[in-house]
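These notes are about the structure you will find just below.
Computed from the coordinates by the stated procedures, all read-outs in this text should not be read as laboratory data. These numbers come from a predicted model, not from an experiment. Here the Cβ positions follow ideal geometry from the backbone for every residue, glycine too, while neighbour counts run over all protein chains shown.
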Amino acid sequence: RVRSAGRAGAMAEGPQPKRKREEEEEKNGGDAPQGTAAAFTLSDLRVRRVLRESARDKTVFLHAERTGLSGEGTDAVVILEKTPFQEEKIPDLLKKLMNAELQMHNDIYCTFYLSPPPELSEIKATVVYPATEKHIQKYLRQEVHLIRETWEDYKNITLPFIQSQSFSIQWVYNILEKKAEADRIVHENPDPSNGFVLVPDLKWNQNQLDDLYLIALVHRREIKSLRDLTAEHLPLLRNVLQEGKEAIVKRFGVPGSQLRIYLHYQPSYHHLHVHFTALGYDAPGSSVERAHLLADVIDNLAMDSMYYQKRALTFPLRADEPLFKKFQEAGKV
Ligand code: GTA
């Protein structure tokens with residue numbers, strides 16, 4: 001029913017020695033060298049420590065490092081996630097597990113532990129390699145605080161910070177320029193001002209619709225976030241909302257009324273993008289302190305072109321994030 005995800009393409013260049021990589025990171029504001037990627041297999045990575053785990057999401061975030069001659073010691077982040085059940089494979093699961101181990105039996109209640117064959121027990125691995133310190137910090141379990149950012153705070157604290165250090169958005173340009181994920185594009189409106197590309201998000205393996213997750217990346221490059229939006233961007237935003245919904249119902253059969261369509265504030269990547277997730281899926285980052293529904297954003301801008309240059313916005317920050325320290329120094333926390 002859902003087209004299976006293509007394999008990650010072999011990546012272009014070999015890894016660079018760590019010292020050179022660090023020099024380039026400094027030049028790029030603490031981020032990975034622009035466009036650098038390296039060929040590797042998972043068995044080339046050794047686990048250094050667990051950054052975070054979630055029993056509820058069946059996910060573990062690992063700090064790993066490259067072994068072997070090329071790239072020895074280079075940092076990586078590996079995210080391992082048990083994949084959701086695929087409905088059509090469930091009958092097989094019970095049939096092939098006649099010898100499941102009974103753990104507990106009490107009256108009408110019992111639990112079994114199953115050891116399914118590999119095709120019924122997949123794990124999705126997402127790898128960031130080479131990973132920067134900023135990537136490692138992003139996935140490390142930490143205390144989180146809410147910030148209330150006024151427009152002045154944005155101009156004086158947040159904007160200078162994101163201009164000096166943000167995650168690289170090379171991956172976004174690769175998609176827009178068809179240098180990566182070109183075969184995964186679900187819809188494109190090529191207009192340079194009001195167009196966008198819709199692709200499956202990195203977090204979705206496309207094997208089931210329960211956790212459907214796509215992302216719309218706009219062609220315009222100067223819009224960093226919600227804070228830059230004015231009424232001038234309404235045609236673009238309306239295209240994303242309308243055409244995004246149409247493309248998803250056409251390709252996946254999920255109607256617009258069952259999609260959560262939103263922007264993050266703050267985003268990790270400062271190139272305007274919109275998240276499309278299944279309404280029934282509790283996607284990471286879809287909670288009230290981070291998600292702004294696109295339909296509401298459009299209405300707010302239609303009422304007041306300067307809406308997002310006037311109001312205060314709330315967002316979460318991890319305690320040891322440099323931006324949190326800037327807000328603390330300014331006496332805002
Ligand atoms: N198609 O190369 C890419 C790519 N990259 C690098 C990021 N994205 C990509 N999509 C494609 N190709 O939804 C996606 C991300 C995200 C969006 C950027 O772009 O998956 P954002 O700018 O608002 O940043 O969105 P955000 O919210 O920090 O992104 P992210 O990475 O989703 O992190 C939010 C939380 O989700 C994390 O703190 C973590 O708890 C969780 N999370 C992140 N990755 C995973 C994962 N692979 N599995 C499970 N949970 C995850």
Relative contact order [Cα under 8 Å, 6+ residues apart], the chain, whole percent: 17
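How large is the dipole of the range 137-234 about the Cα centre if only Lys and Arg carry +1 and Asp and Glu carry -1, each at its Cβ, rounded to the nearest 20 debye? Could you put the intermediate results ahead of the total?
Working: 12 positive and 15 negative charges, 56 e Å.
Result for the range 137-234 is approximately 260 debye, rounded to the nearest 20.
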Here P(r) for the range 106-186, Cα-Cα distances in 5 Å bins, as whole percents, is 3, 8, 9, 12, 14, 13, 12, 10, 5, 5, 5, 3, 1
If packing is taken as the average count of other Cβ atoms within 10 Å, what order do 261-274, 134-147 fall into, highest mean first? 261-274, 134-147
Rounded to a whole number, what is D in µm²/s for the chain from Stokes-Einstein with the Kirkwood radius over alpha-carbon pairs (37 °C, 0.692 mPa s)? 149
What's the percent breakdown of Cα-Cα distances in the range 273-333 across 10 Å bins, shortest bin first? 17, 37, 33, 13, 0
Need one number: nm distance between label points at Ser268 and Lys178, each 7 Å from Cα along Cα→Cβ, rounded to one decimal. 2.8
For the range 143-206 and the range 286-333, distance of Cα centres in Å: 16
Ranked highest first by average number of other Cβ atoms within 10 Å, how do 210-216, 319-325 line up? 210-216, 319-325
Per-residue ellipticity at 222 nm for the chain, helices alone: DSSP H runs ≥ 4 residues times -39500 (n - 2.57), over residue total, nearest 500 deg cm²/dmol? -6000 deg cm²/dmol
Order of 219-229, 248-258 by packing, highest average Cβ count within 10 Å first? 219-229, 248-258
Please report the relative contact order for the range 53-132, taking Cα pairs under 8 Å with a sequence separation of at least 6, and give it as a percent rounded to a whole number. 33
